[in-house]
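Bear in mind these aren't lab numbers, they're just calculated from the coordinates by the rules spelled out. Nothing here was measured: the structure is a model prediction, and the numbers come from that model. As a convention, Cβ positions derive from the backbone with ideal geometry for all residues, glycine included, and neighbour counts pool all protein chains shown.
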Amino acid sequence: MRIARLTLLAIMLGAADAPEAQEGGDTQARIEYAYQTEDANSLANLVQNLTTQVKNDPQDINARYHLAHAQYRFGQASHEGRARGAEAAFGDCIDELKPVLDKNAGSVEAMVLQSACYAALADLKSLEAVLLRARAADRLRAALKLEPRNPRAVLLLAIQDMRGAKPGSAESQKGFVQLQTAAQLFEQSSGTQIDAPGWGHAEAYLTLGRELRARGDHLGARNWIEKALIAAPDYKPAQRQLASLAKP
């Protein structure tokens, strides 16, 4: 029998044994559930607990990744009405991943998450937006060079290409194709396994559903929004989108 399977995070972020892999999977699930149910208090608690864990063991690279993930989700949950808290969370996410990349410059998942945090911070800091978006793009390009079919990287690329693009433009169509590719890549990967970062599935499906709805394809939109709810049954934004589709 093969040695107890190591997590992809362990391979890319540092070594971990099987119990640590299981714990990491549980942590990811808690972070994602709190984000999907818009539970900012639970996310704050997760950030606090993971911060303590990292302080107790600064060399625990997996814990640093999970802390950055929790900070990213907390920032997203805090975006509406609490911009200052969101700014701090995204900034902390970026900083938390620096030691991860110092230890393993080829960590694709750390690059992707840091790119997401740079892009999110750019939305909140208009004076620094150009620089922050450039850094986000740099991280994403580096990640895609190493793993062109990483679903999280392709999703971020799609969002980047579609940002500010005029409907019907070449940029918009390019982003739409990338978004479809991201959704297909997520479909081919597990949304529940503990040996890969577990975020992005439901977001990709919901984002594609919203885009199809904007393009007038309500049947296609319903299909992908329902897939988002299969991946994450308590995903509140998807629940709201599905309910609004049912209205005449």
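A few remarks follow.
- Theoretical ellipticity at 222 nm over the chain - DSSP helices of four or more residues, -39500 (n - 2.57) apiece, nearest 500: -24500 deg cm²/dmol
- Exposure proxy shown here: for 84, 139, the number of other Cβ atoms within 10 Å sets the order, fewest to most, as 84, 139.
- Lys pairs under 30 Å by Cα in the chain, provided they are eight or more residues apart or on distinct chains: 23
- Theoretical gain in end-to-end length, residue 48 to residue 145 [0.36 nm per residue, Cα-Cα removed]: 31.5 nm
- Rounded if a/c under 1.5, otherwise prolate or oblate - region 59-179, Cα gyration tensor axes: oblate
- Model label points for residue 138 and residue 55, set 7 angstrom from Cα along the Cα-to-Cβ axis, are 3.1 nm apart.
- Scattering from the chain was approximated by placing one identical point on each alpha carbon and applying the Debye formula without solvent; log10 I(q)/I(0) at 0.07, 0.17 1/Å stands at -0.22, -1.42.
- Shape of region 148-248, Cα gyration tensor, a/c cut at 1.5: oblate
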